[in-house]
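Structure, as structure tokens:
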Amino acid sequence: MPAFDSMFVCVAVVGKNNDPLFLKGFTDEAELKFHYIVHTSLDVVEDKVANSGKGNPEMYLGHLYSIEDYKVYGYITNSKNKFIVVMKDRDGVPKDNEIKSFFRRLHVVFANMFCNPFYTPGQPITSESFGRTVATLASSL
Amino acid sequence: MAKESRSREVAESLFDLFHTEVVNTITESTPNQDKEKIYWRLEQLGFRVGHSLAERYTKDTARYQSSLEVVKFLCKEFWVGIYKKQVDNLRTNHKGVFVLQDNKFRLFCNISNSQQYADQIHLYTAYSCGLIRGALANLGYIGTVSAEVPAMPACVFKIHVQT
């Protein structure tokens, strides 16, 4: 939707041991700042996972927290890989469904990349096509 | 105008043949025909594949909270995705030991039922054990998997999950 104009400021993939596998910023900010934001969000993720309790928990964790003028959303897979997305807090509040569908599509791309025999699980993601697809996905929203 | 199907299909028998050949090749290429090494190499193959398949097949399921749920997923979605059928019987002692019984194991369907080669069938279960171990590992449960063949074409997998 044109009104949003690339809300996504950063997309990150964090492995099961909380090691960063992939982080891509879409603005001119230094990446270190996004590393910091994503790192802080991991605590909130652990909190949410521990508190999800009984009942069918979903992979989408929703809004994790807000910092400065950014909003952070999270998603965790069954293999304990986390997807973190940082968005700029603008007037047009992004709908939960859109973020959920973005995470689903990101999961599909991630699963495809994971099955690539040249990728060793646990290593940082160096696949160029993964980076390109994520960039396209992010800009399409 | 007929719409061409976008999904490409492959004959299932190809995997049976490929698997048999993989076992043969690894048997021949391992120095001294060391049975343990052969088993280990095949199991490692299965491990990486199981790892990836678990990632793919859990995409659309809910999050699993316990080892029992994960093993149930293995028996249903995972087994169906790979072998086109569910595991026939699942038993557990609720202390981390699970026994999966498949009465008509797909990889044995095209192998003769006679007892003549019963002692060599063990190598043909290595890859499948690796599959299970890889899937479990990706979902967060370290364990060991062993297989027994009581009678062809049935196969029994025993999983020990570390708690």
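The values are calculated or read from the model by the stated rules, or taken from the named source; none is laboratory data. Predicted, not measured: the structure shown is a model, and the values here were computed from it. Note that we place each Cβ from the backbone using ideal geometry, even for glycine, and neighbour counts take in every protein chain shown. Quick note on the areas: whole protein, heavy atoms, side chains included, nothing else; ligands and nucleic acids left out. Shrake-Rupley method; radii C 1.70, N 1.55, O 1.52, S 1.80 Å.
Observations on the model:
- Matching residues in region A:59-84 - criterion: being of a type in the set (Gly, Ala, Ser) and more than 14 Å from chain B (Cβ to nearest Cβ): A:66
- Residue pairs meeting the criteria (Cβ under 6 Å; at least 6 apart or on separate chains; first facing another protein chain (nearest Cβ under 7 Å) and assigned to a helix (DSSP H, G or I), in region B:50-62; second open to solvent by less than 10 Å² (accessible area, probe 1.4 Å) and of a type in the set (Gly, Ala, Ser)): B:51/B:134; B:54/B:135; B:55/A:79; B:55/A:111; B:56/A:111
- Every test in (1) away from chain A (no Cβ under 14 Å); (2) more than 18 Å from the chain's Cα centre (by Cα); (3) touching a residue at least 12 places away in the same chain (Cβ under 8 Å) is passed by residue B:117 save one, and that test is (3).
- Those residues of region B:127-154 which are surrounded by 19 or more Cβ atoms within 10 Å (Cβ to Cβ), part of a loop (DSSP other than H, G, I, E, B) and in contact with a strand residue (DSSP E or B) (Cβ under 9 Å, 6 or more places away or on another chain), in sequence order: B:141
- Candidates B:43, B:12, B:69, filtered to the one that is at pLDDT below 90 and away from chain A (no Cβ under 14 Å): B:12
- Taking the listed residues B:78, B:157, the one that is surrounded by 13 or more Cβ atoms within 10 Å (Cβ to Cβ), out of contact with any Gly (no Cβ under 8 Å at 6 or more places or on another chain) and within 14 Å of chain A (Cβ to nearest Cβ) is B:78, with no other qualifying.
- Residue that is modelled with the highest pLDDT, among those in region B:111-126 that are assigned to a helix (DSSP H, G or I) and open to solvent by 70 Å² or more (accessible area, probe 1.4 Å): B:122
- The residue that is most open to solvent (accessible area, probe 1.4 Å), counting only those in region A:7-43 that are more than 20 Å from residue A:137 (Cα to Cα) and β-branched (Val, Ile, Thr), is A:40.
- Qualifying residue in region A:49-59 (condition: under 14 Å from the mean Cα position of the chain (by Cα) and farther than 22 Å from residue B:69 by Cβ): no
- Look at region A:114-129: where a residue is at the interface with chain B (Cβ under 10 Å from one of its Cβ atoms) and a partner is open to solvent by less than 80 Å² (accessible area, probe 1.4 Å) and of a type in the set (A, V, I, L, M), sitting 6+ places away or on another chain with Cβ atoms under 7 Å, you get A:119/A:113.
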